[in-house]
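Note sheet for the following structure.
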């Protein structure tokens, strides 16, 4: 069975965050969504679980940090090409996110940009030329 990842993100406004992720191409799975959480399907194996702060506190007693001021994790999605990288960042910006909160990376064979969602969570979007990827050891 292939692995799946569920990225849990605390959000201040569930409807705004759900609309943002829909604008960048994620699809809501209503079977795992309610007034406290939204399961946003990014791909067959990647899901963003948007959780209200009250819901988030059910999983941990650790303080929720302000992701606009502090960072604990940088998430990275792969893209099929340079154009897809820029398109996704553009859609994020147009939906109320911040484009390129981290430096643009352009190494010819690899290209990456990033966006910040309305709660400050940073997502990188990266393309790498498949010919530049070394074979598995």
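Every number in this text was worked out from the coordinates using simple rules, so none of it is lab data. What you are looking at is a predicted structure, and each value in this text was computed from that prediction instead of being measured. Cβ atoms come from the backbone with ideal geometry, glycine included; neighbour counts cover every protein chain shown.
General observations
- Sorted ascending by nearby beta carbons within 10 Å, beginning with the fewest, 87, 17, 61 become 61, 87, 17.
- Annotation for the stretch 28-74 versus the stretch 1-25: alpha-carbon center distance of 7 Å.
- With Cα atoms, 0 to 90° folded angle of helix 82-94 axis to the chain main axis: 30 degrees
- Zone residues, the stretch 76-109, relative to residue 132, backbone N less than 18 Å from point 7 Å out along Cα-to-Cβ: 76-87, 103-109
- With the simple model of a label 7 Å out from the Cα in the direction of the Cβ, residue 54 to residue 73 spans 2.4 nm.
- Among 42, 24, 5, the ranking by other beta carbons within 10 Å of each residue's beta carbon, starting with the fewest, stands as 5, 42, 24.
- Taking other C-beta atoms within 10 angstrom as a stand-in for reagent exposure, 21, 47, 111 fall in the order 47, 111, 21, fewest first.
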